[in-house]
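Contents: one structure, followed by commentary.
Values quoted throughout were computed directly from the atomic coordinates according to the rules given, and no laboratory measurement underlies them. The model shown is predicted, which means the values in this text are computed figures rather than measured ones. Every residue, glycine as well, gets a Cβ built from its backbone with ideal geometry; the counts of neighbours run over all protein chains shown.
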Amino acid sequence: MRRRRVTGGAAATSELTTVGSGSSNMLRFYTDDAPGLKISPTVVLVMSFCFIAFVVALHAFGKIYRAKAGAGAG
């Protein structure tokens, strides 16, 4: 397969400039003066583990409930 040559060097340069400026805008979200709720990574990790434990508990209770309901009907 042949590669095509990119023509129009000015268009490619402006495209790279646009991509570079977008990354600097993304860094604004991680500064101290960014608006919004400030949550430490440890709190996010603990909350995610709690959510996973809650889903596992619901799954286990559902299995137990289904086993007891099936034993009484049969």
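Per-structure values
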| quantity | calculated |
| --- | --- |
| Stretchable slack from PHE54 to ILE39, in nm (0.36 nm times residue separation minus alpha-carbon distance) | 3.3 nm |
| Protection proxy ranking of 52-62, 34-44 - average other beta-carbon atoms within 10 Å, highest first | 52-62, 34-44 |
| Theoretical gain in end-to-end length, MET47 to ALA71 [0.36 nm per residue, Cα-Cα removed] | 5.0 nm |
| Residue-by-residue Karplus 3J(HN,Hα) for region 57-72, coefficients 6.51, -1.76, 1.60, Hz, glycine and proline x | 5, 4, 4, 5, 5, x, 5, 5, 4, 5, 5, 5, 5, x, 6, x |
